[in-house]
Amino acid sequence: MSEASLARMPPPSRDLSRKAAIVGVGETDFGADYKASRARAPGYEPPTTESLAITAFERALADAGLKREDIDGISVSFLYGGPSAEDTAKLVGIKPRHTMQTPGILAGPLPIVCTAIAEGKCDTVAMIYGVASRTSGRVFGGLAFTGGPGPTSYYYHHPWGWSSQAAHWALIWRRYQAIYGATEADLGSVAVQLRKNAMANPNAVMQTPLTIEAYLASRYIVRPLHLFDMCLVNDGAVCLIVRKADKARDMPHTPVLVAGWGEGRIKNDKFHYMVREQLRPQMQEAARQTYEMSGLAKSDVQHFECYDASSMHLINQVEGFDFAPRGGGLERFKSGEMAVGGAMPVNVAGGMLSGAYMHGWNHVAEITRQLRHEAGPRQIADIEVSMFSLAETDEVHPIIFQRGA
């Protein structure tokens with residue numbers, strides 16, 4: 001059975017809570033591949049989406065301690081093009097009874113897969129994501145980029161200079177500065193902290209220490225946002241193996257249960273909600289749904305991984321989900337409260353600013369390692385509950401995870 005691409009995640013429901021668990025995770029060599037792509041040594045062959053997907057799948061399968069015949073479902077999320085789910089299954093040598101084409105950015109794909117498992121369509125799913133963004137020379141803004149609703153529009157008004165995500169993040173940041181008196185150096189504390197986090201992650205792309213001075217000296221991308229306020233562009237793949245919860249016991253690693261999710265969307269007046277409200281009403285509603293589905297509360301969350309396409313994007317979510325007061329997120333980063341050992345560790349493997357730009361998939365891979373208590377020097381002590389959030393353009397999708405027995 002095959003399902004076409006689904007744009008919306010299934011509605012949150014108590015009946016779907018903890019019905020599935022992540023039992024395997026595999027990632028490609030983000031840092032090593034990035035260095036190789038920059039060096040372009042003689043004989044270098046750039047990766048393809050397919051080669052990256054195979055590597056991530058093989059590593060996830062080994063991590064889960066499963067055999068190919070144990071995988072009876074596959075979900076593929078190739079954001080910028082790739083083989084179909086059926087062709088990917090052949091590529092990795094499995095014969096699933098259920099296949100799914102799911103959205104590329106992680107949020108929707110995981111609830112879709114959990115729902116398929118709960119409905120009995122499959123028991124064990126290989127979720128495969130891959131992009132060869134750097135190899136393909138993908139552009140994320142400017143006159144050469146014509147993504148979005150039409151050839152002259154990207155979310156807002158391309159002809160008037162609003163040609164990239166960075167343009168509206170810059171406007172959000174400028175307004176935040178005006179309201180709260182924040183400085184560029186204050187925002188730089190986010191990039192500096194995430195770089196420190198990445199340095200504790202051997203697979204991170206960026207390993208060089210970053211200082212506030214170096215941050216301020218970096219070029220502007222869209223003033224007042226600097227180079228180090230922006231996410232990376234790198235090749236890579238991630239595979240998550242998700243299994244029916246009652247089959248996830250007695251495996252090599254502690255299962256990571258998918259406990260709940262939610263959704264918030266802008267229905268009208270996008271400019272107002274994006275810039276003035278910073279998506280806060282949508283985050284509050286999505287969080288309410290997530291906590292209600294999971295039976296957990298904000299006070300239970302010990303770790304937050306969020307979609308940090310820019311440093312300001314991260315601050316929006318930290319404040320929007322009430323992990324810091326409005327206008328107080330930067331102070332929390334400056335004080336160390338959002339580092340490992342602090343009150344609410346955030347993006348502890350470096351996120352997308354310094355770890356890897358895997359559209360949220362690397363965040364969930366890190367959550368998996370944290371809840372297994374296998375994160376090494378960046379391990380959060382005694383962690384039981386983590387939360388992931390995607391808040392991008394006009395929609396919000398949080399997911400909450402819990403360490404299994």
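With the requirement that a residue be free of Cβ contacts under 8 Å to residues at least 24 places away in the same chain and either closer than 28 Å to CYS231 by Cα or assigned to a loop (DSSP other than H, G, I, E, B) (or both), what does region 288-322 give you? If you could, list the steps in order and put the result at the bottom.
Applying the first criterion (free of Cβ contacts under 8 Å to residues at least 24 places away in the same chain) to region 288-322 yields 297, 299.
ALA297 - this is the single residue of region 288-322 that is free of Cβ contacts under 8 Å to residues at least 24 places away in the same chain and either closer than 28 Å to CYS231 by Cα or assigned to a loop (DSSP other than H, G, I, E, B) (or both).
Using the structure shown, decide if GLU395 is in contact with a Lys or Arg (Cβ under 8 Å, 6 or more places away or on another chain), buried (at least 18 other Cβ atoms within 10 Å of the Cβ), under 24 Å from VAL258 (Cβ atoms) and not assigned by TED's automatic domain parsing to the domain that holds ALA21. Give the steps one after another, and end with the answer.
On the way: in contact with a Lys or Arg (Cβ under 8 Å, 6 or more places away or on another chain): yes; buried (at least 18 other Cβ atoms within 10 Å of the Cβ): yes; under 24 Å from VAL258 (Cβ atoms): yes; not assigned by TED's automatic domain parsing to the domain that holds ALA21: yes.
Spelling it out, GLU395 is indeed in contact with a Lys or Arg (Cβ under 8 Å, 6 or more places away or on another chain), buried (at least 18 other Cβ atoms within 10 Å of the Cβ), under 24 Å from VAL258 (Cβ atoms) and not assigned by TED's automatic domain parsing to the domain that holds ALA21.
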> So which residues in region 36-63 are more than 22 Å from the chain's Cα centre (by Cα) and either closer than 23 Å to GLY350 by Cα or among the hydrophobic types (A, V, I, L, M, F, W, C) (or both), if there are any at all?
Replying inline: ALA36, SER37, ARG38, ALA39, ALA41, ALA62
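Among strands (runs of 3 or more DSSP E) lying entirely in region 12-117, which contain 1 or more residues that are in contact (Cβ under 8 Å) with a residue 60 or more places away in the chain, surrounded by 23 or more Cβ atoms within 10 Å (Cβ to Cβ) and of a type in the set (A, V, I, L, M, F, W, C)? Give the steps one after another, and end with the answer.
Working: elements: 20-27, 73-77, 98-101.
It comes to 20-27, 98-101.
For VAL256, state whether it is in contact (Cβ under 8 Å) with a residue 40 or more places away in the chain, closer than 25 Å to TYR357 by Cβ and buried (at least 24 other Cβ atoms within 10 Å of the Cβ).
yes
If only one of ALA214, ALA182 is part of a loop (DSSP other than H, G, I, E, B) and among the hydrophobic types (A, V, I, L, M, F, W, C), which one is it?
Matching residue, one of ALA214, ALA182: ALA182.
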> What single numbered condition from (1) assigned to a loop (DSSP other than H, G, I, E, B); (2) touching a Phe, Trp or Tyr at 6+ places or on another chain (Cβ under 7 Å); (3) at pLDDT 95 or above fails to hold for VAL233?
Replying inline: (3)
> What residue, among those in region 156-186 that are modelled with pLDDT of 95 or more and touching a Pro at 6+ places or on another chain (Cβ under 8 Å), is nearest to GLY328 (Cα to Cα)?
Replying inline: GLN177
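Return yes or no: is TYR291 at pLDDT below 95, surrounded by fewer than 24 Cβ atoms within 10 Å (Cβ to Cβ) and among the hydroxyl-bearing types (Ser, Thr, Tyr)?
Values: at pLDDT below 95: no; surrounded by fewer than 24 Cβ atoms within 10 Å (Cβ to Cβ): yes; among the hydroxyl-bearing types (Ser, Thr, Tyr): yes.
Judged against the criteria, TYR291 is not a match.
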> Among GLY188, GLY181, which is the only one that is outside the structural domain of GLY24 (by TED's automatic domain parsing) and at positive phi?
Replying inline: GLY181
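Please verify whether THR88 is under 17 Å from LYS247 (Cβ atoms), modelled with pLDDT of 95 or more, in the same structural domain as SER17 (by TED's automatic domain parsing) and of a type in the set (S, T, N, Q), treating the condition exactly as stated.
On the way: under 17 Å from LYS247 (Cβ atoms): no; modelled with pLDDT of 95 or more: yes; in the same structural domain as SER17 (by TED's automatic domain parsing): yes; of a type in the set (S, T, N, Q): yes.
No; evaluated as a whole, the condition is false for this residue.
The values are calculated or read from the model by the stated rules, or taken from the named source; none is laboratory data. In this text the structure is predicted, and so the values were computed from the model without any measurement. Quick reminder, even Gly has a Cβ in these numbers, built from the backbone with ideal geometry, and neighbours come from all protein chains shown.
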